[in-house]
Structure formats: structure tokens, C-alpha cells
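Sharing a structure below in C-alpha cells format, with a few things to ask.
Just so you know, all these numbers are worked out from the coordinates, no wet-lab data involved. Quick caveat, the model's predicted, so the values are computed rather than measured. Virtual Cβ from ideal backbone geometry, glycine too; neighbours counted across all protein chains shown.
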Amino acid sequence: MSKETVARALRQARSALILSHLNPDGDAVGSALGLMWALRQRGALARVVLADPVPPNLLFLPGAEEVERQVPPEGADIVVVLDSSSPDHVGEPFAEATARSNLVVNIDHHPTNGAFGDVNWIAPAYPAVAQMIYHLLPSLGVQPDEATATCLLTGLVTDTNGFSTPTTDSNLLRDAAELMDAGAPLPDIIQQAYLNRSLTQVRLWAQALQTLQWEDGIVWAVNTPEMRRAVGASERDSSDLSTFLLTIREARIAASFTLLDDGRVKVSLRAKPGYNVAEVAAQLGGGGHPPAAGATLDMPLEQAVQTVISALKAQVAATTPHAQLQLS
Ligand code: AMP
Ligand code: MN
Ligand code: MN
């Protein structure tokens, strides 16, 4: 099943509930709201339901204030699940929404996606689900308006880490330029969605960076509930730390370990081009993409750090030198 099957299902629906993953990022919220505006242009009823709130840096997106936390009792013709590798990744709304609709449409770019929909379009070559939605618009007979374009361009910016991942190619930039022509304000999107963090978050980073370690090209840091309490931060404030750690010149792979309030350990992995952290995350029961992946481990913090770091060392050792980024 493919893009055309998905497009047909979207064309036939008079109403749609659009879902995406827990702790939504720019691609989750951007692709969901972009599809919502596109379906509304067609005259369909479309609503976005997310288990967790839209983060502050994405509240500027047109329609962000309409995102709901609960599945409406009336349901919809179809449920569209975006950017989520499994029903677990969506959280509670998945079961409630699918119980109140006839068809599940699954659109994703995670290679670990289990094709859990009735209709699936899984395309790991796409850097962002927002780009997949953009490529569906012609089959839906929709020209992107300013709202749609702004939401979709935000997904492109955030999932490519500001157009810096190896998946950023000239086709993506052409799509980005077309979205700008349709009214999406790129510099504004980058400022709002990407170059925008709270003082509290950076204070948490300051705490976590006290634990910074570097071995064999792997950089890592830990944050705990005590650190978060000390600065008034939440678990979510640790979200970008691994991306920041990867900017260290000596880092081939970066990992951040968040000791969650429930005692489990959330591991967030990032890799320079040529390294693959998706394989390590999958071994640990998680998932993701080669340059960005994660897992949540049910074990003590020390054990989690040891387990993950030794798996990452094996990954670095197994990566062939020609594939490695030349690091000075
Ligand atoms: P994060 O480090 O949480 O920003 O996640 C990076 C990437 O890995 C995203 O594409 C996530 O969807 C994916 N990911 C993180 N944790 C998990 C998990 N427990 N299971 C599957 N995928 C995950
Ligand atoms: Mn995402
Ligand atoms: Mn994505």
C-alpha cells in the first residue's frame, strides 16, 4: 500500500481525526495541523488530537489553539496517524479514536513503523512526515494556503535539525521554497520553532552538563528529578540536550539520559553522519532514525548508562572508517 491508497482514503473521508505522537515535536504538530488545514480546504471536518500539550515553541502555528487532548465522542470516518511508529507512541487517544472510526490511515517515515493501519504509507527516505503531507496535496486537489504552508515548513525545519541532516537534499529545499512562495515565513519559523528555548531549560542543561563525559567519540550527560526540581524544570526540558551535545566537535555520537519521575530512564541518541543510532535504539527496545533515535529503559540509571554506552561503543567500532565523518 502506498501514497495513492492513502490519498484515496483521505479523499473519501468526510471527517477525520488526526493523531500524532506523545511529547509532540515540530513534525508531529506541523504535519498534523498542515493536514488538518488541507482537509478543511476540501470541505471535510478535520480535528487534531494529541495526548500531550503542544509545546510552547510550537504555539505560534496556525490552529495550535484548536488541538484537543480528548477524542470527541462522535468520532470520525477515518483516523489518520502521523509520525508515530506504533500505537503506543500515540498514547491513549489511539484506542479511543480507532474505536470511534471505520479506518486507520498510517503515514510515517520511521523505519521501525509496524504498519499498524488499515492503510499505510511508510516512507523512511522522507526526512519529515510534513514533506509526505506536502506531496499528498496534489492528489487531494489542494493548493497550500499560508496556514498549511507554515505548518508543513515547520515540520521540514525541525525534523532536519534546521536543514542540517544528511537527508537534506535539493528536493527538500525546492519544497521548502515552494512553501515559502505559498506564504510560509521561514526566518520566523526558525526563530519560533527552533531558536527558542526557556531559561529553565538552559538551567537544567547547566545542571546536566556537570555530568558530561566523553569516551571513544561518545559524549553523554545525565539529568535527574533532583536536578529538575532544583531549577523548576520538567522532564520535557531535557528533550534537546542530546542534539546540543552532538554539536561538540569530538562527538561522533551523543546520548542524554533522563531519569524519569517514575524511575525509568529515557535515552535520547544523536549521531553524526555515517553513524547509526537507530540500530542501537532498536536493540534496546526503542526506535527512531539513523541520526536520531531513543528508547525508554526499565532499569537503574547506572545500569542504563553502562548498557547504552557499551552498545554505542560497539556501534562506533563496527562502523567502517570510510563511512565515518572526518573529525579533526
Ligand atoms: P528523542 O530523542 O526522544 O527526540 O527521539 C528521537 C527519535 O527517536 C524520534 O524519531 C522518536 O520518535 C524516536 N524514539 C524515541 N524514543 C523512542 C521509543 N521509545 N520507541 C520508538 N521510537 C523512539
Ligand atoms: Mn516526531
Ligand atoms: Mn518526523
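Using square roots of five times the C-alpha gyration tensor eigenvalues, list the equivalent-ellipsoid semi-axes of the chain in whole Å, biggest first.
33, 21, 19
Give me the lysines in straight-line cross-link reach of LYS313: C-alpha distance below 27 Å, same-chain residues under 8 apart excluded.
In chain and number order, the partners are LYS266, LYS272.
Let me ask something additional. Counting other beta carbons within 10 Å of each residue's own, what order do MET36, MET180, MET299, MET227 fall into, fewest first? If you can, show how the numbers build up before the last one.
Values: MET36 26, MET180 16, MET299 13, MET227 22.
Arranged by neighbour count, lowest to highest, MET36, MET180, MET299, MET227 become MET299, MET180, MET227, MET36.
With runs of 4+ DSSP H residues as the only contributors, calculate the mean residue ellipticity of the chain at 222 nm using -39,500 (n - 2.57) per run, divided by the residue total and rounded to the nearest 500. Mind showing how you got there, number by number?
Details: 13 runs with 126 residues, N = 328.
After summing the helix terms and dividing by residue count, I get -11000 deg cm²/dmol.
Let me ask something additional. Sticking with the crude label model, points 7 Å out along Cα→Cβ, report the distance from GLU226 to LEU212 in nm, one decimal please.
Result for the modelled spin labels: 2.1 nm.
While we're here: Counting only Cα, what are the radius of gyration and maximum Cα-Cα distance Dmax of the stretch 114-272, in Å?
In Å, with Rg to one decimal and Dmax whole: 18.5, 53.
May I ask for the distance between the Cα centers of the stretch 145-213 and the stretch 245-270, given as a whole number of Å?
Taking the Cα centre of each part, the stretch 145-213 and the stretch 245-270 sit 20 Å apart.
Moving on to the next point. Could you list the GluC sites (Glu not before Pro) in the stretch 11-93 that lie in coil according to DSSP, counting only those with at most 16 other Cβ atoms within 10 Å of their Cβ?
Here the GluC sites (Glu not before Pro) that fit, given the DSSP loop and packing criteria, are GLU74.
Additional query: Classify the stretch 93-151: rounded, prolate or oblate, from the alpha-carbon gyration tensor (a ≥ b ≥ c, eigenvalue square roots; a/c under 1.5 rounded; otherwise prolate if a/b is larger than b/c)? Kindly include the intermediate steps, with their values, before the conclusion.
Working: a/c = 2.10, a/b = 1.37, b/c = 1.54.
Taking the square roots of the gyration eigenvalues as a ≥ b ≥ c, the stretch 93-151 is oblate.
Additional query: Under 16 Å between alpha carbons, and skipping anything fewer than 8 positions from LYS3 in its own chain: which aspartates and glutamates qualify?
Result set, ordered by chain and number: ASP83, ASP108, ASP118.
Just for the chain, what percent of DSSP beta bridges are antiparallel, to the closest 5?
45
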